[in-house]
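The values are calculated or read from the model by the stated rules, or taken from the named source; none is laboratory data. Remember, it's a predicted structure, so these values are computed and weren't measured experimentally. Cβ atoms come from the backbone with ideal geometry, glycine included; neighbour counts cover every protein chain shown. Just so you know, the surface numbers come from the protein's heavy atoms only, side chains and all, with ligands and any DNA or RNA stripped out. Shrake-Rupley method; radii C 1.70, N 1.55, O 1.52, S 1.80 Å.
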Amino acid sequence: NAGVTQTPKFQVLKTGQSMTLQCAQDMNHNSMYWYRQDPGMGLRLIYYSASEGTTDKGEVPNGYNVSRLNKREFSLRLESAAPSQTSVYFCASSDPLMGSYEQYFGPGTRLTVT
Amino acid sequence: AQSVTQLGSHVSVSEGALVLLRCNYSSSVPPYLFWYVQYPNQGLQLLLKYTTGATLVKGINGFEAEFKKSETSFHLTKPSAHMSDAAEYFCAVTPGAGSYQLTFGKGTKLSVIP
């Protein structure tokens, strides 16, 4: 039971390049989330998917797109990376429809945009 | 709307001393409350949660927290700090009732002095 997995662990991009961060969970959760973590800012929600087939914007969605590929997988895409997107990105999952509100987090992806 | 305030971005304690990390929240409805721990270069791990029922909640690694509705607080304590407790701690709140989002505090970094 791996929980929430994320790939890659580290990535360096040049300004303007694109990339997709992958996330998968094996807990059969309905909801999945993407956060970014920056020093002194805590965790900020980028996008979430309440259930398979739905996605919604969070607090800081600009510059990102997401895809809920199936119940297990939720990807985050940067179409044209900017230095301001240098951050640590976390994926999480939970099952609020089943009354389980705690979120379980992946290990994170450290992204540097030069 | 929910909000979380963690008093003190950095707390230092001596090994063996009491750990007290403060969390105050605002919520228009009875909240669900969580504490997470983040070790360096890792994701967030759930320490404990309050949903309903007993207001004193015990978690992993000897931590506990008490929900005090009158004070809108959910402070995290541990009687005796260990070197391995050095990490960043996040308090989070959700209104429940099918809500998909957690609101996180900005975190408190705990240092343990030998």
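State all residues of the range B:59-114 that are among the charged types (D, E, K, R) and either without any contact (Cβ under 8 Å) to a residue 40 or more places away in the chain or open to solvent by 10 Å² or more (accessible area, probe 1.4 Å) (or both); if no residue qualifies, say none. Scanning the range B:59-114 gives B:GLU64, B:GLU66, B:LYS68, B:LYS69, B:GLU71, B:LYS78, B:GLU88, B:LYS106, B:LYS109.
Pairs meeting the criteria (first residue in the range A:25-47 and facing chain B (nearest Cβ under 8 Å) and closer than 15 Å to A:LEU69 by Cβ, second residue open to solvent by 30 Å² or more (accessible area, probe 1.4 Å) and not in a strand (DSSP E or B), beta carbons under 6 Å, at least 6 apart or on different chains) are A:SER31/B:TYR100. Looking only at residues of the range B:82-103 that are touching a Phe, Trp or Tyr at 6+ places or on another chain (Cβ under 7 Å) and under 14 Å from B:SER28 (Cα atoms), we find that the one that is farthest from the other protein chains (Cβ to nearest Cβ) is B:VAL93.
Which of the residues belonging to the range B:74-104 are modelled with pLDDT of 95 or more, closer than 22 Å to A:GLN37 by Cβ and part of a loop (DSSP other than H, G, I, E, B)? Hit for the range B:74-104 is B:ALA86, nothing else. Taking residues in the range B:41-58 that are surrounded by fewer than 14 Cβ atoms within 10 Å (Cβ to Cβ), and partners anywhere that are in a strand (DSSP E or B), the pairs with Cβ atoms closer than 6 Å and at least 6 places apart or on different chains are B:THR55/B:GLU66; B:THR55/B:PHE67; B:LEU56/B:GLU66; B:LYS58/B:GLU64.
You will find that of B:GLU66, B:GLU71, the residue that is away from chain A (no Cβ under 14 Å) and part of a loop (DSSP other than H, G, I, E, B) is B:GLU71 and no other.
Does the range A:62-85 contain any residue that is among the hydrophobic types (A, V, I, L, M, F, W, C), open to solvent by 10 Å² or more (accessible area, probe 1.4 Å) and under 18 Å from B:PHE104 (Cβ atoms)? No, that holds for no residue.
Applying a threshold of 7 Å to beta carbon distances and a minimum spacing of six or more residues, or different chains, the list of pairs starting in the range A:93-114 at a residue that is within 10 Å of chain B (Cβ to nearest Cβ) and free of Cβ contacts under 8 Å to residues at least 40 places away in the same chain and ending at one that is hydrophobic (A, V, I, L, M, F, W, C) and open to solvent by 10 Å² or more (accessible area, probe 1.4 Å) reads A:GLU102/B:LEU46.
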